[in-house]
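**Student:** So that we are looking at the same thing, I have put the structure below in structure tokens.
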Amino acid sequence: MTDSTAKASFASLDLAAPLQKAVDELGYETPSDIQIQTIPFLLEGRDLIGQAQTGTGKTAAFALPALSKIDTRRKHTQCLVLAPTRELAIQVAEAFQRYAKYIPGFQVAPIYGGADYRTQLKQLERGAHVVVGTPGRVMDHMRRGSLNVDNLSHLVLDEADEMLRMGFIDDVEWVLSQLPAKRQIALFSATMPSAIRRIAKDYLNDPKQITVEQKTVTATSIRQRVWMMSGANKLEALTRILEVEDFDGLIIFTRTRLGTTELADKLQARGFSAAALNGDMAQNTREQVISQLKKGRLDIVVATDVAARGLDVERITHVVNYDIPQDAEAYVHRIGRTGRAGRSGEAILFAANRERRLLQMIERTTGQPIEPMNLPTLADVADAKAEKLREQIAVGLTRKDLDTSKEFVQHLAGQLEVDPLDIAAVLMQELGYAATKPRAEAPVKEDDFGRDNWRDRSESKGDRRGPQKHKPKGKKTAATKAKAGKPKKRSNSESPKPRKRKASTPSW
């Protein structure tokens, strides 16, 4: 943080009174580097190029100046924000709504692909002062005439490099070509590839360029760890980590869309509250998953990189890279889902030995070493479960309505002619907590991983062998027949069969 930022406050930025009131209510005190450096120029009406990493407060940097110039008496669209993903568009629209809480009559409309046109048309017809959308859907509405930009005074390109990476750059240029000659443009991007620089040169008017340099491109509040798999069973390892880590909300990133659903299903079978999030899902389903995560009805989201941008959920404490990303920038954006706004976060990466060069590249890009971690042992898992049970019991003991439960336990002990301590032990086992020492440590073998491990190998760019052909079937020898007759061992990656519950407790 620069000295100027340390001394600055939002009150010194000359924001309109309704905006200052909303900012104070949200608890914002000190502007970030990108905010303190860009807001004054945007308030002056200058075009601007802002280069800063994700999670640095860019949304407030462009939203607050834009809102300062919105005239709610005029019903036409005055500010347009282009975002690369639906999730980011929704997040930005929600931010505008929060900041404009005390601006009477303000309207914002998020428009993006995969959502019902009729709802968006109604929002636009009602008169949206700010429109936040993805390039393709914005272009569709402009062509239909439902979004008129003739009176547009502000345009924001948010995460411009991501729009380039996702193939939206032609759509962005088409939108830019339709704007009135007199307008203010703010371009924000984490990196500045040549295509983005060309757009800035062609469409921005003498822009002020702000670059926020950081010692590291990842937040120092994020603890980064890597587990070197050595061909081990990823699912078994993930399960142990989830049972030991003290997390609230957690995102697991996989490489493929199919991988999200498969892993989410396996985690659900193991008793975790998990759901998939990928581009194949209907938009309303994706929104429901994010809403459930925000409200605490869901603890784990298994996602592709579609959620790496724009997903800002305060309760996310952990990010797990189940599949290592193929470039360092994707890693930065993934782990940026935690440790935001000064909060602490945990990032765990799974990497194979053949991926060490990619791991080193990530470390060079982030400027931070990634701490090696050991796989939790079965004893660690047992200790973690015992600690969670202890905490649950400690909380339960604070309740004042235990008399009825105590009477029930005494009555049941008398009926069964057992010690009440035996009843407590049985209940612990029913809850999944074994009071005995954990079983002997078993190696987590690659053989246990099955086809998931094969997929991980075949999808790696570093392995060009592809799937290996099966050996031709030959005549069975006596040895192979004897081997075939043995019962098949169940893989550790398969979910154990649920135990049969005892009959319900007798009525008394």
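The values are calculated or read from the model by the stated rules, or taken from the named source; none is laboratory data. Model, not experiment: these values are computed from the prediction. Quick reminder, even Gly has a Cβ in these numbers, built from the backbone with ideal geometry, and neighbours come from all protein chains shown.
**Student:** Please state which one of Gly114, Gly127, Gly145, Gly133 is within 25 Å of the chain's Cα centre (by Cα), surrounded by fewer than 16 Cβ atoms within 10 Å (Cβ to Cβ) and not acidic (Asp, Glu).
**Tutor:** Gly114
**Student:** Kindly provide the set of residues from region 248-267 that are assigned to a loop (DSSP other than H, G, I, E, B), surrounded by fewer than 21 Cβ atoms within 10 Å (Cβ to Cβ) and in contact with a strand residue (DSSP E or B) (Cβ under 9 Å, 6 or more places away or on another chain), ordered by number. Working first, answer last.
**Tutor:** Here is the first cut: in region 248-267, the residues assigned to a loop (DSSP other than H, G, I, E, B) are 248, 254-256.
When the remaining residues are screened for being surrounded by fewer than 21 Cβ atoms within 10 Å (Cβ to Cβ), the result is 248, 255-256.
The answer is Asp248, and nothing else.
**Student:** For Gln20, which of the numbered conditions (1) within 23 Å of His333 (Cβ to Cβ); (2) in a helix (DSSP H, G or I); (3) of a type in the set (S, T, N, Q) fails to hold?
**Tutor:** So the condition that Gln20 fails would be (1).
**Student:** Separate question: Please enumerate the residues belonging to region 333-357 that are buried (at least 16 other Cβ atoms within 10 Å of the Cβ), of a type outside the set (Gly, Ala, Ser) and under 23 Å from Ser221 (Cα atoms).
**Tutor:** First pass over region 333-357, keeping only residues buried (at least 16 other Cβ atoms within 10 Å of the Cβ): 333-340, 345-352, 355.
Retained after the next criterion (residues that are of a type outside the set (Gly, Ala, Ser)): 333-335, 337-338, 340, 346, 348-350, 355.
Within region 333-357, His333, Arg334, Ile335, Arg337, Thr338, Arg340, Glu346, Ile348, Leu349, Phe350 meet the criteria.
**Student:** Now a separate question. Within region 154-194, work out how many residues are of a type in the set (Gly, Ala, Ser) and touching a Leu at 6+ places or on another chain (Cβ under 6 Å).
**Tutor:** Residues meeting the conditions: 2.
**Student:** Another question about this same structure. Taking Asp140 and the conditions (1) under 29 Å from the mean Cα position of the chain (by Cα); (2) closer than 30 Å to Pro40 by Cβ; (3) of a type outside the set (Ser, Thr, Tyr), which numbered condition does it fall short on, given that it satisfies the others?
**Tutor:** (2) is the only condition that Asp140 fails.
**Student:** How many residues does region 268-308 contain that are in a helix (DSSP H, G or I), out of contact with any Ser or Thr (no Cβ under 8 Å at 6 or more places or on another chain) and more than 27 Å from Arg137 (Cα to Cα)?
**Tutor:** Residues meeting the conditions: 2.
**Student:** Does region 358-368 hold any residues that are touching a residue at least 24 places away in the same chain (Cβ under 8 Å), surrounded by fewer than 16 Cβ atoms within 10 Å (Cβ to Cβ) and of a type outside the set (A, V, I, L, M, F, W, C), and which are they?
**Tutor:** Answer for region 358-368, where residues must be touching a residue at least 24 places away in the same chain (Cβ under 8 Å), surrounded by fewer than 16 Cβ atoms within 10 Å (Cβ to Cβ) and of a type outside the set (A, V, I, L, M, F, W, C): Arg364, Gly367.
**Student:** Let me ask something else. Show the residue pairs meeting these rules: Cβ distance below 7 Å; 6+ apart or different chains; first residue within region 91-103 and in contact (Cβ under 8 Å) with a residue 60 or more places away in the chain; second residue surrounded by fewer than 16 Cβ atoms within 10 Å (Cβ to Cβ).
**Tutor:** Arg98/Leu26; Tyr102/Lys21; Ile103/Thr72
**Student:** Give the residue that is farthest from the chain's Cα centre (by Cα), with candidates limited to residues of region 27-59 that are at pLDDT below 85 and loosely packed, with under 13 Cβ neighbours inside 10 Å.
**Tutor:** In the first step, residues of region 27-59 are kept if they are at pLDDT below 85; the result is 27-30, 32, 52-57.
From the residues that got through so far, the ones that are loosely packed, with under 13 Cβ neighbours inside 10 Å too are 27, 29.
On the way: Gly27: 23, Glu29: 26 Å.
The extreme case among them is Glu29.
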